[in-house]
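Below: one structure, written as C-alpha cells.
The values are calculated or read from the model by the stated rules, or taken from the named source; none is laboratory data. Please read all numbers here as calculations on a predicted model, not as lab measurements. Here Cβ is always computed from backbone atoms with ideal geometry, including for glycine, and neighbour counts include all displayed protein chains.
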Amino acid sequence: MVTIITACLLVLVLAYLDKARCTGPPFAVDGRSPIFDRIKDRDVCYSDIQYLWLGRGIDQHLPPYTGGITTDGLLVPGTVEYPVLTGVLMWLGGLGAHTDAAFLLHSALLLAPFGLLTAWLLGRLGGRAALLWAATPPLLLYAFHNWELPVVATTVAAIAVMASQRWSLRTRGVLAAVLLGIGFCLKLYPGLFVLPLALYVLTAGRERGRLDVRGAATVIAAAAGTIVAINAPFALADYDGWRASFTFQMRRQADMSSNSIWYWGLRPLMGGGRFGTEAYHHLVGIVSPALLLAALALALWLGWKRFEREGVYPWIGVSAAMLCAFMLLHKVHSPQYTLWLLPFLVLLRVPWSLVGGYLAADLALGIGVFRWFDGLTRSDATTAEFFVKLGVWSQAVLLVVFFALFLRVPLRRNAIDATTTPWPSPSDAQLLVGNTR
C-alpha cells in the first residue's frame, strides 16, 4: 500500500509540474499567462483548468451558476458547463487567485487528495493492480487536465462501501447510491451505475425465495434524493444559471475537438459544405443517444442473463460495460475519460495485454490531438492526425472488446486479504460486489 500511495503522490506532483509549464509571468491584466497560447498545444501542457480561468467568471470570483447562456450557445460568466459540485470546486479553486497559475495550483491542491483516496481504495480492493491507477501515463496526463479526480473517487468509494461488512446489504446499497448521486453532481456518468446497483440489491435475496423490491427502490430513491438535494439550492437561487450548464452540453456538437467516432467516422462520409455539416450534426444528435440507450439496455439485460446462470447480478461488470458504451457512443470523447475507466481495469480481470493496448492508444490520442491542433496552425498536421486517428479507432475497438469482457469476467482478485477487517474475506468478496468466477 505504501508503494501505491507513494507512486500516486509522485505522479500527481509530476502531473502538476507538467501543466504548470504553460503558466508563468509576466501575466496579462486579466491574469492570463501569455505563454499559454504560445505553447499549450506544441508542448502538450494544455489544461481545461487553466483555459477556463477566463470566460466563466472564475477570474472575477463570481458565485457559480449565476450567469446564463446566450441564444448563440455561449455561457455568460458566472456559469460553467459542468454539474454543480464541479462548479463549486472551480469556484473554490479561484478564491484568492489572481492569475491562471494560482488557479491551477489551488485546483491541484483541491483535487490531489481525491486522487490519493482513489489510489488507497483501489489498493485495498485490487492489491498491486492499483498501480495501474497510481503509476501510469493517464494520471500524469490528466490528473489536472480537468476536474475528474473527485468523480472517480466517488465511484470507487461506492464500490468499496459495497465490499464492506460494516452494515447490512440495504444500508450499503443506500450509502453507495448516495455516493453515486454525488458523483452525478460532479460529472453525471456515475448516475449510470445506480440501476446496476439497484438490480444487485433486488436480486441479492433470491436465495431466500424473493426479490428485494423495497431495497432496490430505496437505492434508486437515495440516489435521486441526493441529486435533488444538491441541485435544488442552485436551481432555486438562479434557475437560468443552473439550467445553462445542461443546455450547453445538450447543444454541444461532435466537432473537431470531440475525438469521437462520429467526427472521424461519420463526418467524412457525409461530405463538406454547409448542408453536409448541418445534416451531420442533426444525424449525430439522433443516432448517438439512440445507440447509447440501446447499448445501456443491452448491458443491463446481459447482466440479468448472467444472474440467471450464476445467481449473482454482476453490478460492477455491468457498470463498467455501460461506461464503455458511454465513452464510445456519446458525441464527445475527451482523452481524460480514461481516468474513469482505469478503476474498472484494476478491479476486473481483463487481460493485461488489452490494458496495455488501451494505454498505448490513449497516449497516441492524448498527445497526438494537441500536436494536431498545433500542426493545423502551421499546415503541418499530417503525422499528428495519423496518431489521433490511431488513438480514436484503437480505443473504439478496445471499448467494444471491454464491453463484452466486463460482462463475463470475475474480479482481478478477491477484493481484499482475509486478514484485513472490516473488509470481506476472499470467500465473501465476490458475492458482496456482485461477481462470481
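How about segment 70-93: which of its residues are touching a residue at least 60 places away in the same chain (Cβ under 8 Å) and either within 17 Å of the chain's Cα centre (by Cα) or part of a loop (DSSP other than H, G, I, E, B) (or both)?
In the first step, residues of segment 70-93 are kept if they are touching a residue at least 60 places away in the same chain (Cβ under 8 Å); the result is 73, 75-76, 78-87, 89.
73, 78, 79, 80, 81, 82, 83, 84, 85, 86, 87, 89 - these are the residues of segment 70-93 that are touching a residue at least 60 places away in the same chain (Cβ under 8 Å) and either within 17 Å of the chain's Cα centre (by Cα) or part of a loop (DSSP other than H, G, I, E, B) (or both).
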Checklist entry - If you go through segment 243-252 one residue at a time, how many are surrounded by 15 or more Cβ atoms within 10 Å (Cβ to Cβ) and over 18 Å from residue 55 (Cβ atoms)? => result 1
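Counting only residues that are of a type in the set (S, T, N, Q) and in a helix (DSSP H, G or I), which one in segment 321-342 is surrounded by the most Cβ atoms within 10 Å (Cβ to Cβ)?
Among those that are of a type in the set (S, T, N, Q) and in a helix (DSSP H, G or I), it is 338.
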Next on the checklist: Among (1) out of contact with any Phe, Trp or Tyr (no Cβ under 9 Å at 6 or more places or on another chain); (2) within 14 Å of residue 149 (Cβ to Cβ); (3) assigned to a loop (DSSP other than H, G, I, E, B), there is one condition residue 96 misses while meeting the rest; what is its number?
Outcome noted: (2)
Checklist outcome for this item: Within segment 227-252, the count of residues that are under 22 Å from the mean Cα position of the chain (by Cα) and not in a helix (DSSP H, G or I) comes to 1
Next on the checklist: Condition first: surrounded by 18 or more Cβ atoms within 10 Å (Cβ to Cβ) and of a type in the set (S, T, N, Q). Now tell me which residues in segment 67-98 satisfy that.
Outcome noted: 79, 86
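Check whether at least one residue in segment 159-172 is in a helix (DSSP H, G or I) and within 18 Å of residue 86 (Cβ to Cβ), and report yes or no.
Narrowing segment 159-172 to residues in a helix (DSSP H, G or I): 159-162, 169-172.
This time we only want the ones that are within 18 Å of residue 86 (Cβ to Cβ), so: none.
The answer is no, given that none of the residues of segment 159-172 is in a helix (DSSP H, G or I) and within 18 Å of residue 86 (Cβ to Cβ).
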Item to check | Failed item, numbered, when residue 403 is tested on (1) of a type in the set (Phe, Trp, Tyr); (2) modelled with pLDDT under 95; (3) over 30 Å from residue 19 (Cβ atoms) | outcome: (2)
Checklist outcome for this item: Subset of segment 38-57, residues farther than 23 Å from residue 82 by Cβ and without any contact (Cβ under 8 Å) to a residue 60 or more places away in the chain, comes to 38, 39, 43
Checklist outcome for this item: Within segment 253-277, the residues that are within 21 Å of the chain's Cα centre (by Cα), surrounded by fewer than 17 Cβ atoms within 10 Å (Cβ to Cβ) and hydrophobic (A, V, I, L, M, F, W, C) are 256
Next on the checklist: Quick check on my filter: what residues within segment 99-137 are crowded, with 22+ Cβ neighbours inside 10 Å and either outside any helix (DSSP H, G or I) or charged (D, E, K, R) (or both)?
Outcome noted: 100
Checklist entry - In the list 300, 328, which residue meets the criterion of being closer than 24 Å to residue 394 by Cβ and out of contact with any Cys (no Cβ under 7 Å at 6 or more places or on another chain)? => result 328
Next on the checklist: Can you find a residue that is buried (at least 21 other Cβ atoms within 10 Å of the Cβ) and either of a type in the set (Gly, Ala, Ser) or within 23 Å of residue 72 (Cα to Cα) (or both) anywhere in segment 224-231?
Outcome noted: no
Checklist entry - residue 256 passes all but one of (1) without any contact (Cβ under 8 Å) to a residue 24 or more places away in the chain; (2) part of a helix (DSSP H, G or I); (3) not acidic (Asp, Glu); which number fails? => result (2)
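Checking the conditions here, which among 280, 313 is touching a Lys or Arg at 6+ places or on another chain (Cβ under 9 Å), crowded, with 19+ Cβ neighbours inside 10 Å and in a loop (DSSP other than H, G, I, E, B)? Can you show your working first?
Numbers: 280 fails: in a loop (DSSP other than H, G, I, E, B).
None of the others qualify; the one that does is 313.
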Checklist entry - Taking segment 378-398 as the search range and keeping residues that are over 14 Å from residue 359 (Cβ atoms) and among the small types (Gly, Ala, Ser), which one is surrounded by the fewest Cβ atoms within 10 Å (Cβ to Cβ)? => result 379
Checklist entry - Among (1) over 19 Å from residue 258 (Cα atoms); (2) without any contact (Cβ under 8 Å) to a residue 40 or more places away in the chain, where does residue 343 come up short? => result (2)
Item to check | Matching option when the condition is among the hydroxyl-bearing types (Ser, Thr, Tyr) and without any contact (Cβ under 8 Å) to a residue 24 or more places away in the chain, among 168, 164 | outcome: 168
Checklist entry - Just one of the numbered conditions (1) at pLDDT below 95; (2) surrounded by 19 or more Cβ atoms within 10 Å (Cβ to Cβ); (3) closer than 29 Å to residue 312 by Cβ is not true of residue 372; which one? => result (3)
